[in-house]
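Note sheet for the following structure.
The values are calculated or read from the model by the stated rules, or taken from the named source; none is laboratory data. Since the structure is predicted, the reported quantities are computational estimates derived from the model, not experimental observations. Every residue, glycine as well, gets a Cβ built from its backbone with ideal geometry; the counts of neighbours run over all protein chains shown.
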Amino acid sequence: MSRQVFMSRLREGLRGLPQKAIDDIAADYEAHFAEGEAAGRSEADVAAALGDPGRLARELRAEADLKRWEEQRNPSAAANAVFAVLGLGALDVLILLPILLSVAGTLFGFAIAAVACFGVGGFLFAAGPFIGQGHEIAAVMLAGLGVMAGATSIGAVTTLVTIAFVNGLVWYGRLHMRLLKPALEPQGGLS
C-alpha cells in the first residue's frame, strides 16, 4: 500500500474528529513514512509495519471518545465512549452486547420507574386535600412526599450506577487498547 492510499484511508477513518486532531495524527504518520524512507524502506513496507489504517483510525477515535468522557461527563460523551468500546472488535461486540443491553435496559427501567414514582408521589401530595377528610389529608400528603423521596433515592442510585457502568466500560476500553497495542505497534524501529 502506498503512502497516499494509507494516509487517505487513515484520514477517512478519522473523519468526525476535530480537524486539528486529524492533522496532528496525520503528521505523526507522515513522519513514520519519512523515517522509513530515510532508512531505505519502501512505502509498502512502512505501511505494512504500521498496520491497517482503518483499525488505527478506530483505535484513535476510541481513544478520543474515551478522553472526551473523562473531560465531559454528559450523556453524549457517555454514548460515544460506549460505542467506542464496542467498535474495537467484533468478538467483543458478540460477547459484550448482550451484557451491555441487559444492564442498560435495567438501568433505563429504574430511571423510568423513578420518574413515574415521582409523578405519582407528586399527584398524591397535590391531591391530598381533595381526597380525604381530617387526618386522612395529612396521611395522603405525607404518603405522596414519601413516594417522591423514594423515587429521588432510586434516581440518585441509578445515576451513580450508570456513571460507574460507563467508567467500567472506559476502563475496559483502555485495557483492551493496552493489550492490543503491542500487536499493532510498528515493528522495526518505526515507533
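If you go through region 25-37 one residue at a time, how many are without any contact (Cβ under 8 Å) to a residue 40 or more places away in the chain and either under 23 Å from the mean Cα position of the chain (by Cα) or within 17 Å of Gly51 (Cβ to Cβ) (or both)?
Final tally of qualifying residues: 7.
Taking region 155-170, which residues are loosely packed, with under 15 Cβ neighbours inside 10 Å and within 21 Å of Ala113 (Cα to Cα)?
Passing the criteria: Ala156, Val157, Thr159, Leu160, Val161, Ile163, Ala164.
Could you check region 22-32 and list, in sequence order, the residues that are among the small types (Gly, Ala, Ser) and either in contact with a strand residue (DSSP E or B) (Cβ under 9 Å, 6 or more places away or on another chain) or surrounded by 14 or more Cβ atoms within 10 Å (Cβ to Cβ) (or both)?
Once the filter is applied, which keeps residues that are among the small types (Gly, Ala, Ser) and either in contact with a strand residue (DSSP E or B) (Cβ under 9 Å, 6 or more places away or on another chain) or surrounded by 14 or more Cβ atoms within 10 Å (Cβ to Cβ) (or both), region 22-32 yields only Ala26.
Looking at Ala151, Ala111, which one is in contact (Cβ under 8 Å) with a residue 40 or more places away in the chain and surrounded by 14 or more Cβ atoms within 10 Å (Cβ to Cβ)?
None of the other options fit; the residue is Ala111.
Would you mind stating whether Arg3 is basic (Lys, Arg) and surrounded by fewer than 18 Cβ atoms within 10 Å (Cβ to Cβ)?
So Arg3 fails the test.
Would you confirm, using the coordinates I've provided, whether Val157 is modelled with pLDDT of 95 or more and within 29 Å of the chain's Cα centre (by Cα)?
yes
Take the conditions assigned to a helix (DSSP H, G or I) and touching a helix residue (DSSP H, G or I) at 6+ places or on another chain (Cβ under 8 Å) and apply them to Phe130. Does it pass?
no
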